[in-house]
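Worksheet: one structure, shown below.
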Amino acid sequence: MKAEQNGAPLVSVRDLKTYYSIRGSFGSRLIGREAGSVRAVDDVTFDLRQGEVLGLVGESGSGKTTLGRTLLGLVKATSGSVIFEGRDVTKLSERDLREHRRRMQIVFQDPHASLNPAMTIGQSVGHPLTIHGVVNSREQVRARVAEALEHVGLAPAEQFFDKYPGDLSGGQKQRAVIARAIILNPVLLVADEPVSMLDMSVRAKILDLMLALKRDFELTYLYITHDLATAKFFCDRIAIMYLGRIVEIGPSEAIYENPKHPYTQALLRAIPEPDPLRVIPRDLPRGEVPDASRPPLGCNFHPRCPKAFEVCGWEARDLAELLERRWAFMGAEQYERERAVFGDLDALAKDALTVSLKTRDRRQGEELLAILELMRDEDPDEPFWKGVRRLHADEQHVEIEWWEPIDPRLLPADGVSVECHLYDEEALVEAERRRSAEAAVPAS
Amino acid sequence: MRAVDGVSLDIGAGEVLGLVGESGCGKSTLGRGILGLLPEGAVSDGEVRYAGRDIVTASAKELRGLRGPELGLIFQEPMTRLNPLMRIEDHFAEALKRHEPDLNKREVQRRSLETLGRMGIPPTRFRQYPYEFSGGMRQRIMIALALVLRPKLLVADEPTTALDVIVEAQILGILADLKREFGTALLLITHNLGIIAEACDRVAVMYAGRIVEEGPARQLFADPAHPYTRELLRSTISLETTELHSIAGAPPNLIEPPSGCRFHPRCPDAMEVCPRKFPIPVRLEGGRRTECWLHGPEQEIPPGTTRPLERERLAVADEG
């Protein structure tokens, strides 16, 4: 079932970025202020080899769907290239894109929304043939549609031709969608969560069908999913995405047996398995995927990462989160007492490396510093404190300085590639240098 | 249409019962029936006894009194259940004032913040609006909103389906701790057997409006009694899956369900008796029960009808 690992690249994605710009308020547009952008795909590089199944795995907001759509030219790339059959898809005109899509098709998640309810199954499945002008006569269309329907198991085809999507079950609809996708004989199929909306007892049948089609038509798949279990079964290689970036990519066996990135490790541990004897560990990453319009400094995963250290990009916003977590689980009186020392917390809302926190009243600087030091003493393993370079109090302020962030790079490690400082020799050396520098100059 | 048809189920105080089934099996309808929340036009028969009172025959006013302080509900989509124009603070004030009108303002705030805190929502965000929270945080707020009234029973209908896997695990941890932290019993409705295995003491498996098997989670997963339970477990794709398996056919139409056992057209073990006679619930050892002729009772099976049932082969694409 698994394809050869060393096929020629069918698609080469290089430094691809797809940003969505945010429309600001009328006022901010009037004065020409930029409202910013969402970095849905943020500098991604990989190859899709002929005949393989590459799984693009990530949670909602990871950019996996945008990446799939950029490959098809359904979304315009901001920069970078997607080379497919010798041409850069990101630079194709609308007319050339149409030609391109004959070779590359997509299956969407929701089969109920993918079929026009006013068109019969025969019309829907045959539609690409007329759009692309591949066949001339009605008889030819009908013959090709019948062939495609039989291929996806909607047999005898005669029974399905004149049915409407409403007459079909979810699994049957997804089969019709797949028939429509293969009717032009594409070489690449982008399948975006093709089984996620289907019942458990049906998922296996659709995956089986996709495997059979891959064999029969020598297809290459990009399988986009949030589900690590189906990806493990289905894919030759896996790319794990987090907040617009590929954080780990490699052969499936390597990723599942020996996950390297702390995010991949967390994902694999968090899956609820149908085995009552296995319990999900409680030490999972905290929080949720951050806002992609304001990604964290350094490594995108650092605020949630249990293994983050000096170089990972600690910053002011991380202190705001740390305080919120502390206060959530604290009794009301103690919270009131602590909160009364802190003035405005707005200074912590920015991605700053130095912050001067003002206390609410005069002469509370030492008190605020004491709270921060207490937090550090109570939880010395909290990775956040590794990122703090200096803490200093004066009468009404506490100044906090964090270490400069280093952006992680996707580097090879044991047969996979991973974007994490834990596997980057230079970053480890720099972290060690910072640790010894800190030891030499004790915090004031 | 009989969405729920002749179901018997007990939930003990402080227990976590999982109700699992595929879409359209009636599990959500059953959950709502327990809370007296069925839509207009629904006809129900039988009884739902909660601490000695019958919910099916209770008046609308009695039900309002029960919901909240006694029975709570958590839905799948946390965003659509919070009012976008109301601050989190106001959601809690409304719920508490309605059911405990004697609480003063300070008490309302204290109770709300304490419950929110236990769900990991800090007091700094008490005055924010729903849109300012992430999906997981909104679900924590929904759970806190149900728990602030200290219900004895909470019904959670697919509470993690819209969430990411790590956040889902966080919420499952919270639900699994409800008993210890709040003494609340939980009916957890889901299609995901992994979630059942993670969070539940007991499991009820639903198929076509019937509970076909029920028992302690460990035994049920290790040794399923009903063929549907077994096939559902086999077709679940997990990290351990090495080959694909699916159940032939599709869940039946509940307007005209199959005769006899409703699973017989898809059942690999079907016998001649199965389409003829409705199976009788059988108690098995270890507090388990099932309704399947494979488990008898033998005296009720007409002689000579235990031969395998001969059927037309199901078409490949005849699926749900």
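The values are calculated or read from the model by the stated rules, or taken from the named source; none is laboratory data. This structure is a prediction, so every number in the text was calculated from the model and none was measured. Here the Cβ is made from the backbone with ideal geometry for all residues, glycine too, and neighbour counts use every protein chain on show.
Look through segment B:214-231, keep the residues that are at the interface with chain A (Cβ under 8 Å from one of its Cβ atoms) and of a type outside the set (Gly, Ala, Ser), and return whichever of them is surrounded by the most Cβ atoms within 10 Å (Cβ to Cβ).
B:Glu231
Condition first: free of Cβ contacts under 8 Å to residues at least 40 places away in the same chain and farther than 21 Å from B:Phe182 by Cα. Now tell me which residues in segment B:66-88 satisfy that.
Answer for segment B:66-88, where residues must be free of Cβ contacts under 8 Å to residues at least 40 places away in the same chain and farther than 21 Å from B:Phe182 by Cα: just B:Thr80.
What single numbered condition from (1) in contact with a Cys (Cβ under 8 Å, 6 or more places away or on another chain); (2) assigned to a helix (DSSP H, G or I) fails to hold for A:Lys173?
All conditions pass for A:Lys173, except number (1).
Considering segment B:186-210 alone, what residues qualify as being small (Gly, Ala, Ser), more than 7 Å from chain A (Cβ to nearest Cβ) and either touching a His at 6+ places or on another chain (Cβ under 7 Å) or within 12 Å of B:Phe221 (Cα to Cα) (or both)?
Selection gives B:Ala204 alone.
What number of residues within segment A:245-271 satisfy the criterion of being away from every other protein chain (no Cβ under 12 Å), in contact (Cβ under 8 Å) with a residue 24 or more places away in the chain and over 15 Å from the mean Cα position of the chain (by Cα)?
Residues meeting the conditions: 5.
Is at least one residue of segment B:121-135 among the basic types (Lys, Arg) and closer than 20 Å to B:Leu73 by Cα?
Checking segment B:121-135: not a single residue is among the basic types (Lys, Arg) and closer than 20 Å to B:Leu73 by Cα.
Counting only residues that are in a helix (DSSP H, G or I) and touching a residue at least 60 places away in the same chain (Cβ under 8 Å), how many does segment A:119-152 have?
Of the residues in segment A:119-152, 1 are in a helix (DSSP H, G or I) and touching a residue at least 60 places away in the same chain (Cβ under 8 Å).
In this structure, is B:Ala95 free of Cβ contacts under 8 Å to residues at least 40 places away in the same chain, in a helix (DSSP H, G or I) and either more than 10 Å from chain A (Cβ to nearest Cβ) or more than 17 Å from the chain's Cα centre (by Cα) (or both)?
No.
Evaluate segment A:272-285: report whether one residue or more is at pLDDT below 95 and more than 9 Å from chain B (Cβ to nearest Cβ).
yes
Determine if segment B:128-139 includes at least one residue that is more than 7 Å from every other protein chain (Cβ to nearest Cβ), surrounded by 21 or more Cβ atoms within 10 Å (Cβ to Cβ), free of Cβ contacts under 8 Å to residues at least 40 places away in the same chain and not in a helix (DSSP H, G or I).
no
If I filter segment B:304-312 for residues that are of a type in the set (Ser, Thr, Tyr), part of a loop (DSSP other than H, G, I, E, B) and surrounded by 14 or more Cβ atoms within 10 Å (Cβ to Cβ), do I get at least one hit?
yes
Tally time: how many residues in segment A:403-426 are assigned to a strand (DSSP E or B) and out of contact with any strand residue (DSSP E or B) (no Cβ under 6 Å at 6 or more places or on another chain)?
Count: 3.
It is to be established whether one or more residues within segment B:107-119 are surrounded by fewer than 18 Cβ atoms within 10 Å (Cβ to Cβ) and either modelled with pLDDT under 90 or under 25 Å from B:Arg32 (Cα atoms) (or both).
No, segment B:107-119 contains no residue that is surrounded by fewer than 18 Cβ atoms within 10 Å (Cβ to Cβ) and either modelled with pLDDT under 90 or under 25 Å from B:Arg32 (Cα atoms) (or both).
Could you say which residue among B:Asp45, B:Asp54, B:Asp10, B:Asp5 is in contact with a strand residue (DSSP E or B) (Cβ under 9 Å, 6 or more places away or on another chain) and either on the phi > 0 side of the Ramachandran plot or free of Cβ contacts under 8 Å to residues at least 12 places away in the same chain (or both)?
Result: B:Asp10 is the single residue among B:Asp45, B:Asp54, B:Asp10, B:Asp5 that is in contact with a strand residue (DSSP E or B) (Cβ under 9 Å, 6 or more places away or on another chain) and either on the phi > 0 side of the Ramachandran plot or free of Cβ contacts under 8 Å to residues at least 12 places away in the same chain (or both).
Tell me yes or no: at least one residue of segment B:41-59 is surrounded by fewer than 19 Cβ atoms within 10 Å (Cβ to Cβ), out of contact with any Ser or Thr (no Cβ under 6 Å at 6 or more places or on another chain), modelled with pLDDT under 90 and in a helix (DSSP H, G or I).
The answer is no; no qualifying residue exists.
Would you be able to tell me the number of residues in segment A:343-366 that are crowded, with 16+ Cβ neighbours inside 10 Å and more than 41 Å from the chain's Cα centre (by Cα)?
Here the count works out to 2.
Looking only at segment A:153-187, which residues are among the hydrophobic types (A, V, I, L, M, F, W, C) and free of Cβ contacts under 8 Å to residues at least 40 places away in the same chain?
Passing the criteria: A:Leu154, A:Ala155, A:Ala157, A:Phe160.
Tell me which residues, restricted to segment A:334-377, are under 22 Å from A:Leu297 (Cβ atoms) and in a strand (DSSP E or B).
Within segment A:334-377, A:Thr354, A:Val355, A:Ser356, A:Leu357 qualify.
Taking the stated definitions as given, is A:Val107 of a type outside the set (Phe, Trp, Tyr), closer than 27 Å to A:Val195 by Cα and either modelled with pLDDT of 90 or more or in contact with a Leu (Cβ under 7 Å, 6 or more places away or on another chain) (or both)?
yes
Which number in (1) farther than 30 Å from B:Ile196 by Cβ; (2) in contact with a His (Cβ under 7 Å, 6 or more places away or on another chain); (3) modelled with pLDDT under 95 marks the one condition that A:Val247 misses?
Going through the list (1) farther than 30 Å from B:Ile196 by Cβ; (2) in contact with a His (Cβ under 7 Å, 6 or more places away or on another chain); (3) modelled with pLDDT under 95, A:Val247 breaks only (3).
Does segment B:258-274 hold any residues that are buried (at least 16 other Cβ atoms within 10 Å of the Cβ), assigned to a loop (DSSP other than H, G, I, E, B) and touching a residue at least 24 places away in the same chain (Cβ under 8 Å), and which are they?
B:Cys261, B:Arg262, B:Phe263, B:Cys267, B:Asp269, B:Ala270, B:Glu272, B:Val273, B:Cys274 - these are the residues of segment B:258-274 that are buried (at least 16 other Cβ atoms within 10 Å of the Cβ), assigned to a loop (DSSP other than H, G, I, E, B) and touching a residue at least 24 places away in the same chain (Cβ under 8 Å).
How many of the residues in segment B:45-69 are farther than 22 Å from B:Lys97 by Cβ and in contact with a helix residue (DSSP H, G or I) (Cβ under 6 Å, 6 or more places away or on another chain)?
Counting residues in segment B:45-69 that are farther than 22 Å from B:Lys97 by Cβ and in contact with a helix residue (DSSP H, G or I) (Cβ under 6 Å, 6 or more places away or on another chain) gives 1.
Counting only residues that are more than 17 Å from B:Ala197 (Cα to Cα) and assigned to a loop (DSSP other than H, G, I, E, B), which one in segment B:140-162 is nearest to the other protein chains (Cβ to nearest Cβ)?
B:Ala162
Examine segment A:177-198 for a residue that is within 14 Å of chain B (Cβ to nearest Cβ), in a helix (DSSP H, G or I), buried (at least 19 other Cβ atoms within 10 Å of the Cβ) and in contact with a His (Cβ under 9 Å, 6 or more places away or on another chain), and state whether such a residue exists.
Yes, that holds for at least one residue.
Restricting to segment B:232-285, what's the tally of residues that are away from every other protein chain (no Cβ under 14 Å) and not aliphatic (A, V, I, L, M)?
So the answer is 19.
Restricting the search to segment B:6-19, which residues are assigned to a loop (DSSP other than H, G, I, E, B) and surrounded by 16 or more Cβ atoms within 10 Å (Cβ to Cβ)?
Passing the criteria: B:Val7, B:Ile11, B:Gly14, B:Glu15.
Taking B:Val165, is it within 8 Å of chain A (Cβ to nearest Cβ), among the hydrophobic types (A, V, I, L, M, F, W, C) and either over 16 Å from B:Phe75 (Cβ atoms) or over 16 Å from the mean Cα position of the chain (by Cα) (or both)?
Yes.
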